[in-house]
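To start, the structure under review is shown below, and the notes come after it.
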Amino acid sequence: MALRNSYEAYGTLARLFHWLTVIFVVAAWAIGMFRGELPQGPARATAMFVHVNLGLAVLGLLVARILWRLADPAPPAPRTPLGRLGEIASASAHGLSYLLLAAVPLIGIATVFARGRALSVFGLFEIASPWAADQAFAAMLKPYHGLLAQALIAIAVLHAIAALVHHVVFRDPTLRRMIGPRP
């Protein structure tokens, strides 16, 4: 498999960025949804550390994906019976996905800072909060972080359903372009 995209399929690096993003987003979302079920103490603190650092990894992958996309454009989308409407829907969903991939972690980071806490970056170093603690502001941000995370998961599920529809109903190469050729 080639590192770069070809006319027919995504290359290894684009696929790696895509699937790591999927794994990290789902893991961060699951931890965010269920960490409250953990007992107070080290288990919950560890879950929060992992959650925050998965969010940082998603943000880093997003930047890498965008830079790589500029250097190595995506293969052209196959024609489908949906025509121009399908192209607009696809472009809109991808654009919204990228926006949410940035917004969710950035609001999470802002929430950490609003609580007056330093942001631990993969346990390697910390970034001090650039402003004084404001618990009311943190409390205002938290629901937006969760709501946008839910929206990101919803868009991801719709994206997966659309890929399956392309594969099963339209029988086009859309899904194979991201998972690899048939054996």
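The values are calculated or read from the model by the stated rules, or taken from the named source; none is laboratory data. Quantities reported herein were computed from a predicted structural model and do not represent experimental measurements. Note: ideal-geometry Cβ built from the backbone for every residue, glycine included; neighbour counts use all protein chains shown. These accessible areas exclude ligands, DNA and RNA; they are computed on the full protein's heavy atoms, side chains included. Shrake-Rupley method; radii C 1.70, N 1.55, O 1.52, S 1.80 Å.
Taking the numbered list (1) small (Gly, Ala, Ser); (2) loosely packed, with under 11 Cβ neighbours inside 10 Å; (3) closer than 21 Å to residue 15 by Cα in turn, residue 64 passes all entries but (2). The residues of the stretch 80-104 that are assigned to a loop (DSSP other than H, G, I, E, B), open to solvent by 40 Å² or more (accessible area, probe 1.4 Å) and in contact (Cβ under 8 Å) with a residue 24 or more places away in the chain amount to a single one, 81. Out of all the residues in the stretch 105-125, which are in a strand (DSSP E or B) and among the hydrophobic types (A, V, I, L, M, F, W, C)? Answer for the stretch 105-125, where residues must be in a strand (DSSP E or B) and among the hydrophobic types (A, V, I, L, M, F, W, C): 119, 121, 125. For the stretch 110-146, filtered to residues that are open to solvent by less than 50 Å² (accessible area, probe 1.4 Å) and of a type in the set (S, T, N, Q), the residue that is nearest to residue 100 (Cα to Cα) is 111.
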